[in-house]
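What follows is a short report on a single structure.
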Ligand SMILES: Nc1ncnc2c1ncn2[C@@H]1O[C@H](COP(=O)(O)OP(=O)(O)OP(=O)(O)O)[C@@H](O)[C@H]1O
Ligand SMILES: [Mg+2]
């Protein structure tokens, strides 16, 4: 490589920096088995749930294949497991995956390499959020495939309002960005404690705090301001407003968590 | 212009200062040997320079720019404490990720280049966790050399290297500073090795820089002495002490400080019936200088 003898320092643009950081994260994502394992998990779990509950001969959790993807209406309070177990589970798997992915950065010490060079803390947050969102979006796709195949095997009904279904799926995919930012933030906060960050991501990913809140304040649409709330809101009775709510909530939390995460990283020691 | 200019830098951990109002000046093109006892704050200073830690106060400038400046940061290579690599990824993949991060254009060529420099080209496919201690160290050095670093920060890089590795390290550092005008900050406890290449020294103690000097300064300050052995060591020792002001017995030799007239001494001893077996002109090295400085400060 051509070496320069003189001391010239060119400031890399934001685009160049983020391209480098995204490049590193995607390279690692595609070169680690973990990503593919999680894609497989996201497909196998819905398929298993559907086929196993159907196989009982007795009560099935779902009457319709698409309930595996989303509930009929936004129910924050859980009455039965069928209302709960839908594509939102991707966000639980995603939380664990993101924790492992980011945890590796700190446990291996590779962050030293990243932050010694031009990478800003903000670049790190943005890149991790985007890569994590990408992997969760991919999991949504494999989940869909797994769920539909499982539903076909169990012979469930496929009847649905197509536009609502599409909005529900798209809404959840859009929510991936917000969730990814949340997990990135959690993992930055607990960067020294791998176990805690996995546990925290899992706990919040299950939506238990919001389900708990719903138990107190009822099925209130105010809960849509939270990530779990609008993820539930993306259901089989969705319309264009749902899409808008998901987009706004997801982007808003993305901005908030990225700002907070960058602040924490730049104010605190990296390790 | 200085490659590193640190003024009044402090960093505390739970109220205890690891780096305490430290000043440091590293000229461009220098190989700056950073020495101090365990826990004196060398690694902490280096982590501060690399932006891994947030300072309590003080300023750090690299090439007259704030140390956070992306333009200067992209040309800093570092190996601090241990090589931070993903254990389950191959050596090649680890280097590739850093090459991508740096935005290099000919990434494969650049990785080949640095692997050849550290003589690890045959181990590129090996998983990082399967590498030996010295191999890991070499990979860390390769990682730091990626791109076109203007400043290298190496924290005890010769730890765990074999004889060939140490020689390689010396060659790399001399080459990179002389050919490419790179500046190197290197900390090490192996003073004998450091002395062979360093152009400047900084001596740190309890987080404070107690002395900065160039290799030339050290040469000027370093005492000369003559060391010798005779048949009757005790008699010769007593005799020489009457003749010269600073005579010491060390490591089985008699040392006469500030005197390097070996012929004169041989003649004198012969005349007085102390046949000389062995005699050598010496200069005290970095190690002795450092130990003496430390004991002075302690007193
Ligand atoms: N993360 C940390 N938390 C608390 N204390 C720390 C931390 N890092 C360093 N210290 C303390 O700061 C002091 C300086 O440590 P540092 O690692 O800089 O020493 P050093 O000069 O590199 O020593 P060595 O020669 O052993 O590598 C030590 O007393 C150490 O205990
Ligand atoms: Mg150290």
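Miscellaneous remarks
- Test: residue in the stretch B:31-49 that is more than 16 Å from ligand 2 (Cβ to nearest atom), assigned by TED's automatic domain parsing to the domain that holds residue B:150 and touching a strand residue (DSSP E or B) at 6+ places or on another chain (Cβ under 7 Å): yes
- For residue B:107: the one exception among (1) surrounded by fewer than 21 Cβ atoms within 10 Å (Cβ to Cβ); (2) in contact with a helix residue (DSSP H, G or I) (Cβ under 6 Å, 6 or more places away or on another chain); (3) farther than 27 Å from residue B:2 by Cβ; (4) at the interface with another protein chain (Cβ under 9 Å from one of its Cβ atoms): (4)
- Any hit, the stretch B:70-79, residues being more than 8 Å from chain A (Cβ to nearest Cβ), away from ligand 1 (no atom under 16 Å from the Cβ) and either surrounded by fewer than 20 Cβ atoms within 10 Å (Cβ to Cβ) or assigned to a strand (DSSP E or B) (or both): no
- Odd one out for residue B:47 among (1) under 18 Å from residue B:140 (Cα atoms); (2) without any contact (Cβ under 8 Å) to a residue 60 or more places away in the chain; (3) more than 13 Å from ligand 1 (Cβ to nearest atom): (3)
- Residue B:174 vs. criteria modelled with pLDDT of 90 or more and crowded, with 19+ Cβ neighbours inside 10 Å: no
- The sole residue among B:154, B:145 that is closer than 30 Å to residue B:9 by Cβ, within 16 Å of ligand 1 (Cβ to nearest atom), more than 8 Å from every other protein chain (Cβ to nearest Cβ) and in contact (Cβ under 8 Å) with a residue 24 or more places away in the chain is B:154.
- Criterion applied to B:94, B:82, B:38 was being more than 7 Å from chain A (Cβ to nearest Cβ) and assigned to a loop (DSSP other than H, G, I, E, B), and the one residue passing it is B:38.
- Scope the stretch B:1-35; condition more than 8 Å from ligand 1 (Cβ to nearest atom), outside any loop (DSSP other than H, G, I, E, B), more than 14 Å from chain A (Cβ to nearest Cβ) and surrounded by fewer than 16 Cβ atoms within 10 Å (Cβ to Cβ); matching residues: B:7, B:8, B:21, B:23
- Helices (runs of 4 or more DSSP H) enclosed by the stretch A:1-101 - at least 2 residues per element that are within 14 Å of chain B (Cβ to nearest Cβ) and at pLDDT 85 or above: A:14-31, A:33-55
- Test: residue in the stretch B:53-62 that is in contact with a helix residue (DSSP H, G or I) (Cβ under 9 Å, 6 or more places away or on another chain), more than 16 Å from ligand 1 (Cβ to nearest atom) and within 7 Å of chain A (Cβ to nearest Cβ): no
- Among residues of the stretch B:180-223 being more than 26 Å from residue B:63 (Cβ to Cβ) and within 13 Å of the chain's Cα centre (by Cα), the one that is nearest to ligand 2 (Cβ to nearest atom) is B:189.
- Some residue of the stretch B:75-88 being more than 16 Å from ligand 2 (Cβ to nearest atom) and free of Cβ contacts under 8 Å to residues at least 12 places away in the same chain: no
- Residue check for residue A:192: within 14 Å of chain B (Cβ to nearest Cβ) and in a helix (DSSP H, G or I): no
- Among the conditions (1) closer than 27 Å to residue A:125 by Cα; (2) touching a helix residue (DSSP H, G or I) at 6+ places or on another chain (Cβ under 6 Å), residue A:196 misses just one, which is (2).
- Residue identified as in contact (Cβ under 8 Å) with a residue 60 or more places away in the chain and part of a helix (DSSP H, G or I) among A:166, A:182: A:182
- Residues that are surrounded by 15 or more Cβ atoms within 10 Å (Cβ to Cβ), in contact with a strand residue (DSSP E or B) (Cβ under 9 Å, 6 or more places away or on another chain) and not in a helix (DSSP H, G or I), drawn from the stretch B:113-134: B:124, B:126, B:127
- Any chance residue A:98 is under 19 Å from the mean Cα position of the chain (by Cα) and touching a residue at least 12 places away in the same chain (Cβ under 8 Å): yes
The values are calculated or read from the model by the stated rules, or taken from the named source; none is laboratory data. Computed from a prediction, not measured in an experiment: that's the story for all the values here. We place every Cβ from the backbone using ideal geometry, glycine too, and count neighbours over all the protein chains shown.
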